[in-house]
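Below is one structure, written out as structure tokens; comments come after it.
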Amino acid sequence: MENTALILIAVALILLVLVIGLLAVLIFKIVKNQPPPPPNNNSSDQQTPHPDISKSEFHPEILERMKDMQKVKPKRADLFCPHHTDEPGETVCAICDKMYCKACIKPFKAMHFCKEHLPLIMKYDWEEVLTLKTSTQDPERGVKLYEIKKEIFEKDDLPTYIETHYKINVDQDYIETYLVVYAQKENKEKLKEKIELELQKA
Ligand SMILES: [Zn+2]
Ligand SMILES: [Zn+2]
């Protein structure tokens, strides 16, 4: 009788161990199969460091076109600010085409100007010199215009800036893009002639 009781207790213990073992395996599997935590929406890589609020008010088609227009602008070789050689350049000055860090460039009239050229923009009257219609199918003339602008600044020391204008043709659901060159009033005629001549050479 005592033996039977002992055997029963032994069997009960073995069953208990088995049940605990099975439970442990089950819990392990559940923990392992849990889906990874959902991505954190506040993580820094999802935030744009400097959201360009000015662009949010544009038509989505224009935003697309703006992206295309980036291809027209010249590629950069200089990666650091000329005044702070350990600071990466962020934005290009619309007059001198050099890339400056945040501390060295200021926004003005939907463009950016370096500390040297912002006073120039504010001090003088700037007038439209020439308008060039471009298309993404044929960006060469746009590229050429940016090259001419840069050369005129570097060789002739005549400052200009180029604005991109967009016009929606509602009927045909089409966006026209124009590059508009501006210069100081007194240089306007001289520059118009020069730029037109250079464009014809292209
Ligand atoms: Zn500049
Ligand atoms: Zn700087």
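The values are calculated or read from the model by the stated rules, or taken from the named source; none is laboratory data. Bear in mind the structure is a predicted one, so any value in this text is a computation, not a measurement. No Cβ is skipped: glycine too gets one built from the backbone with ideal geometry, and neighbour counts run over all protein chains shown.
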Checklist entry - Is there a residue being in contact with an Asp or Glu (Cβ under 7 Å, 6 or more places away or on another chain) and of a type in the set (Phe, Trp, Tyr) anywhere in region 178-185? => result yes
Checklist entry - Is it fair to say Glu176 is surrounded by 11 or more Cβ atoms within 10 Å (Cβ to Cβ), more than 26 Å from the chain's Cα centre (by Cα) and either assigned to a strand (DSSP E or B) or of a type outside the set (S, T, N, Q) (or both)? => result no
Next on the checklist: List pairs: first residue in region 103-117 and closer than 12 Å to Tyr182 by Cβ and in contact (Cβ under 8 Å) with a residue 40 or more places away in the chain, second residue within 11 Å of ligand 1 (Cβ to nearest atom) and part of a loop (DSSP other than H, G, I, E, B) anywhere in the structure, Cβ distance under 8 angstrom, at least six positions apart or on different chains.
Outcome noted: Met111/Ala94
Item to check | strands (runs of 3 or more DSSP E) contained entirely in region 79-149, each with at least 1 residues that are more than 12 Å from ligand 1 (Cβ to nearest atom) and of a type in the set (S, T, N, Q) | outcome: 126-134
Checklist entry - Is it the case that some residue within region 159-173 is at negative phi and part of a helix (DSSP H, G or I)? => result no
Checklist entry - Is at least one residue of region 182-199 exposed (fewer than 14 other Cβ atoms within 10 Å of the Cβ), under 23 Å from the mean Cα position of the chain (by Cα) and not aliphatic (A, V, I, L, M)? => result no
Item to check | In region 86-130, the residues that are surrounded by 13 or more Cβ atoms within 10 Å (Cβ to Cβ), within 12 Å of ligand 2 (Cβ to nearest atom), at pLDDT below 95 and of a type in the set (D, E, K, R) | outcome: Glu87, Glu90, Lys98, Lys102
